[in-house]
Amino acid sequence: MSRYIIRRLIQAIPVLLGATLLIYAIVFALPGDPIAALMGEKRMDPNLVTIMREQYHLNDPFLVQYWYYLVGLFGGDFGTTFAGVPVTDIMAGKFQVTINLAMTALVMEAVIGVGLGLYAALRHGRAQDSMVLASTLVLISIPTLVTGFVLQLLLGVKVGLFPVAGVTDGWRSYLLPGFVLAGTSIAYLTRLTRTSLVETLRADYIRTAVAKGLPRRRVVGRHALRNALIPLITYLGADLGTLMGGAVITETIFNLPGIGQQLFSSVYLREQSVVVGIVTVLVLIYILANLIVDLLYAVLDPRIRYE
Amino acid sequence: MKKTSTSVLPAGGALGDEPLLAVDDLHVEFVTRQGVVKAVNGVSYSLNPGETLAVLGESGSGKSVTAQAIMGILDMPPARIPRGEVRFRGTDLLRLPEDARSQVRGQRVAMIFQDALSALNPVFTVGSQIGEMFRVHRGASRRDAEKKAVELMDRVRIPGARQRVHDYPHQFSGGMRQRIMIAMSIALDPEVLIADEPTTALDVTVQAQIMELLAELQRESNMGLILITHDLGVVADVADKIAVMYGGRIVENALVHDIYRAPAHPYTKGLLDSIPRVDQKGQELYAIKGMPPNLLAMPSGCAFHPRCPYRQDNCVTEAPPLYEIGPTRSSACHYWREVLDGSHG
């Protein structure tokens, strides 16, 4: 088992290298000059520009620049912005906000999605089942941009049930944005849960459990659920990455100072080190989430063994 | 372990005239998009303690559906039971409320299935699946349930039961898995055990071992055994009587030695003739011509008439009743005398 974990972590290294190289190259290829973007409309002192270009290795070829970045990265140094602020300082606070948001969304997704899915599956083929299916379809069809603004206006501004924007109200600030962010994922997970449980309830071992004279509660809650959960875990794990990456729109609507907002403004300012830093951490989170999912798999399904 | 009789049903003991289990004029239908499929059309059979009844028939003959109706594990809908009774110790199980029924299911009437790999839950240890019977029905503690599971695994002769009780179904061979299935079904000393093709998925050598085990367990406990199979070879040694099913009906009822000596229905005769025999080596193997009937469009008259070598004109129009042709024997063929004579000759 531990050998498997080590092997998976080693496998993560080329993935990380590839991801950083790719992002570094994309930001490098963006039109416009970072120093010019930094100065905005102000007139620049040519001497200062020359010094800054030298300091940030902007005159070196692409691969040399990337090399400097990598060397720093392996020393735990994510570099600094053009204004001289360490990237780690910027990321620390922002990631906290986004992780709070993503976790809120993930918990909502798991609770509502699995709950609705089970409800629909146990009423398979009846009116309630069709209603759940129809409402998930609606949820999938409406973009986050729309649900975000509509719910903000209705529940935030009009009813005043939730804070309208910002993170000043503690955990309550994350409820509405979390739900908006989780929206389509809830719908997909509901459908996945429903299908998975309906399928499982048709299995031979469920017939065996019924023939053993077990109460229906136990047949569904123990024998079926344990098997039906296995594919859901994979989906949830993979979705954590999507939620963190997809937070850009939600963070903008609800004015949450997370990495989504930061990423957006950093791309605008050609802050290569910030963009690559954030993406690197995102990739790392994604890899770890997938590793945890794979390990959970072995716990849930004894047929899976890692050597 | 003695049964704690909490149910409304009479406990074990003298039965009088009533058999242990009696299926009477049972009808089962499935409502499908293509129409109503009549899977079982008036099946009757009975079983006494210590007796083995073999129910013989090809796929779609209704033999498994009858068993599932007895157990009460049919999905209703799409299935429905418009007519018939399943009397267990004189009480009609079909009219019993669900809570009383579940006192019978698994505890007093148990069932084992064909493919033990898919019939066992892959994510729980075999010990917990066997022990579950004691945990749920007898309120046993986890430790006691495990102890019972080991005892049962010993009883069905699984080597190293104490170590293997924590293994999962996929870690066992096919034969061992079926033994686990059997251990689970006999856990609470059922009075009736229904085995639905228990050896079909197994190697021939393992088949014999499993049949031997079932026969032995039956001798020890005097339970009634219903053996559902399509394989005449399997039943010869263990069965007392045979019910042959075709197209959802019983076409022949007989004691096992009578049927082997001289079948009284052309379908039974066809089945017996299609068993490979050593003294016919090199000759072409006999096969019943034609296909099993389509349950959505059953042939008129006798369902077997399109495939029957004894067919006369009235077979096409007139469905034969189950003729009583002896004290322990019946046949649903207008020309059972000819079939019987032909068998002797």
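Derivation of every value follows stated rules applied to the coordinates shown; laboratory data play no part. The shown structure was predicted, so the numbers you read here are calculated from the model rather than taken from an experiment. Note: ideal-geometry Cβ built from the backbone for every residue, glycine included; neighbour counts use all protein chains shown.
Please report the spacing between the Cα centers of the range A:137-163 and the range B:44-80 in Å, no decimals. Rounded to whole Å, the Cα centres lie 56 Å apart.
Note on chain B: with a GNM built from Cα contacts shorter than 10 Å, the maximum mean-square fluctuation among B:Pro320, B:Pro97, B:Pro266 falls on B:Pro97. Add +1 for every Lys or Arg and -1 for every Asp or Glu among the other residues with Cβ under 14 Å from the Cβ of A:Asn47, and state the total. Local charge sum for A:Asn47: 0. Take the Cα radius of gyration of the range A:91-300 and divide it by 2.2 N^0.38 Å, N being the number of residues; the result is 1.16.
The calculated P(r) of the range B:276-345, using every Cα pair and 10 Å bins from 0, goes 17, 38, 31, 13, 0 in percent. For GluC sites (Glu not before Pro), the sites in the range B:258-345 that DSSP calls loop and that have at most 11 other Cβ atoms within 10 Å are B:Glu284.
Based on C-alpha pairs under 8 angstrom that are at least 6 apart in sequence, chain B has a relative contact order of 20 percent.
Legend: distances between Cα atoms for B:Lys63/B:Lys241; B:Lys241/B:Lys269; A:Lys212/B:Lys269; B:Lys63/B:Lys148; B:Lys38/B:Lys289; pairs beyond 25 Å are A:Lys212/B:Lys269; B:Lys63/B:Lys148. For the range B:203-257, the ratio of Cα radius of gyration to the globular rule of thumb 2.2 N^0.38 Å stands at 1.22.
Take B:127-136, A:128-137 and order them by the average number of nearby Cβ atoms within 10 Å per residue, most first; the result is B:127-136, A:128-137. For chain B, adding -39500 (n - 2.57) for each run of n ≥ 4 DSSP H residues and dividing by the number of residues yields -9000 deg cm²/dmol at 222 nm. Long hydrophobic helices in chain A: the complete DSSP H runs spanning 27 Å or more by Cα along their own axis with mean Kyte-Doolittle hydropathy of at least -1.0 are A:2-29, A:87-108, A:175-201, A:225-245, A:272-300. Charge tally around A:Ala247: other residues with Cβ under 14 Å, Lys/Arg +1 each, Asp/Glu -1 each, net -2. Take every Cα pair under 8 Å whose residues are at least 6 apart in sequence, average their separation, divide by the length of chain A, and the relative contact order is 27 percent. Set the Cα radius of gyration of chain B against 2.2 N^0.38 Å, with N its number of residues, and you get 1.03. Counting Cβ atoms of other protein chains within 10 Å of each Cβ in B:163-169 and taking the mean gives 1. Within the listed set B:Val156, B:Val256, B:Val204, the residue fluctuating most in the Gaussian network model of chain B (springs between alpha-carbon atoms under 10 angstrom) is B:Val204.
Peptide packing for A:263-276, B:289-302 was compared via the average number of neighbouring C-beta atoms within 10 Å per residue; ordered from the highest value, the list is A:263-276, B:289-302. Taken along its three principal axes, the alpha carbon spread of the range A:2-87 comes to 58, 23, 21 Å, from the longest extent down to the shortest.
Once Rh is set to the Kirkwood radius over Cα pairs, what Stokes-Einstein translational diffusion coefficient, in µm²/s, holds for the protein assembly as shown at a temperature of 10 °C and a viscosity of 1.306 mPa s? Let's see the in-between values first.
Details: Rh = 30.3 Å.
D, rounded to a whole number, is 52 µm²/s.
At an R0 of 41 angstrom, the distance between the Cβ atoms of B:Gln312 and A:Leu137 translates into a FRET efficiency of 0.10. For the options A:Arg123, A:Arg222, A:Arg191, a Gaussian network treatment of chain A with springs between C-alpha atoms closer than 10 Å singles out A:Arg222 as fluctuating the most.
Extension gain, B:Asp75 to B:Asn222: 0.36 nm times the residue separation minus the Cα-Cα distance gives 49.8 nm.
Helices in chain A, meaning DSSP H runs of at least 4 residues, each add -39500 (n - 2.57). Divided by all residues, the mean residue ellipticity at 222 nm is -23000 deg cm²/dmol.
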